[in-house]
Amino acid sequence: MNMDAFSLKGKIAWITGASYGIGFAIAEAYAAAGATIVFNDINQDLVNKGLQAYADKGIDAKGYVCDVTNEEAVQELVKTIEKEVGVIDILVNNAGIIRRIPMIEMSAAEFRKVIDVDLNAPFICAKAVIPSMIQKGHGKIINICSMMSELGRETVSAYAAAKGGLKMLTRNICSEYGMHNIQCNGIGPGYIATPQTAPLRERQADGSRHPFDQFIIAKTPAARWGNTEDLQGPAVFLASDASNFVNGHILYVDGGILAYIGKQP
Ligand code: NAP
Ligand code: GCO
């Protein structure tokens, strides 16, 4: 086997919401594999923060301000990227939010906001890049799913509904566009130490670990939270030619959580 199959040389990768966190780590890995990095975030301050962070890593990334829930803005952004950088080979739908509210206390507006960012936006971004991928004869779409694509838990009804839907959107893009040599797969991270999960890991007043922190340690065979670097290899694989016959798959990178009943208290 030629290991160049794992290379991303000559490819243009657009990672949404990638000023920091999981998106940034994936972009860093793609750059190391040879890709040109394009990212967006929701405001200029975050884009500037991201540009500096990429520059600090020696990555000449292109950053744009774009709210991925705004279809007109996304269509315009893709046209700009195609003019200024080139046709997008790899889309990572990473941008996401979570609102941890008991369902019966959550407003419909709050529920819709999570669905808008975590499910409607991946549809909008994939719809914007697929026509050029068809013309080019190949494409890779990677949707960042979640444990909540498979499991529920208290207070994350909107997020679980969105991420469950994102799993099926992934399978449907595979089904509808696989004939054009477009592979659409998902990555399902376990519990990863990023700003999004910081509230679940806060030390208690007495210095003890957050109860949820202890819970995740007991639920994970690896007995640790994931870090963003744990996602880099799987993300490169799904973006590379090495996965050209992998389609509609959700690759869980969870340290074994989904396989494990949990450590006896
Ligand atoms: P994060 O630290 O909160 O970063 C999310 C990024 O998306 C932020 O830069 C955020 O900008 C951006 N964003 C939010 N709404 C946006 C919009 N409308 N348009 C453009 N950008 C937007 O989250 P993360 O932990 O890195 O998670 C990244 C992805 O992985 C999310 O889809 C999340 O659901 C998923 N995930 C995370 C974990 C985990 O344990 N951390 C596990 C499984 C899946 P702002 O700073 O302005 O919000
Ligand atoms: C939560 C967490 C999770 C993680 C991730 C797990 O409140 O349960 O935020 O949802 O973010 O999605 O895969």
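Summary of values
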{"item": "Spin-label model distance (nm) - D45 vs M179, 7 Å beyond Cα toward Cβ", "result": "4.9"}
{"item": "Mean-position separation - Cα centroids, the range 173-247 and the range 32-87, in angstrom", "result": "22"}
{"item": "For M106, net neighbour charge (Lys/Arg +1, Asp/Glu -1) across residues whose Cβ lies under 11 Å away", "result": "+2"}
{"item": "Other-chain or far-sequence residues with amide H under 5 Å of I187's (modelled H)", "result": "N143, I144, C145, L251"}
{"item": "Using θ = phi - 60° and Karplus 6.51 cos²θ - 1.76 cosθ + 1.60, couplings along the range 65-73 (whole Hz; Gly, Pro as x)", "result": "7, 6, 8, 5, 8, 9, 4, 5, 5"}
{"item": "FRET efficiency, V87 to K263 (Cβ-Cβ, R0 41 Å, nearest 0.05)", "result": "0.25"}
{"item": "Rg followed by Dmax, in Å, when the range 122-168 is reduced to its Cα trace", "result": "13.8, 44"}
{"item": "Cross-link pairs beyond the 20 Å C-alpha cut-off, checked among K9/K136; K57/K163; K79/K163; K83/K113", "result": "K57/K163; K79/K163; K83/K113"}
{"item": "Highest to lowest packing among 181-194, 17-30, 212-225, scored as the average C-beta count within 10 Å", "result": "17-30, 181-194, 212-225"}
{"item": "Reduced Cα scattering model of the chain, Debye log10 I(q)/I(0), q = 0.12, 0.16 Å⁻¹", "result": "-0.71, -1.26"}
{"item": "Shape box of the range 165-263 [Cα atoms, principal axes, largest first, Å]", "result": "57, 25, 23"}
{"item": "Cross-link table K11/K167; K167/K219; K49/K219, entries beyond 31 Å C-alpha to C-alpha", "result": "K49/K219"}
{"item": "Calculated on alpha-carbon atoms, Rg and Dmax of the range 45-147 in Å", "result": "15.7, 47"}
{"item": "CD proxy at 222 nm, helix term only [per DSSP H run n ≥ 4: -39500 (n - 2.57); per residue of the chain; nearest 500]", "result": "-12000 deg cm²/dmol"}
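Every number here is computed from the coordinates shown, using simple stated rules; none is lab data. Worth saying up front: this structure is predicted, and the values here are computed from it rather than measured. Cβ atoms come from the backbone with ideal geometry, glycine included; neighbour counts cover every protein chain shown.
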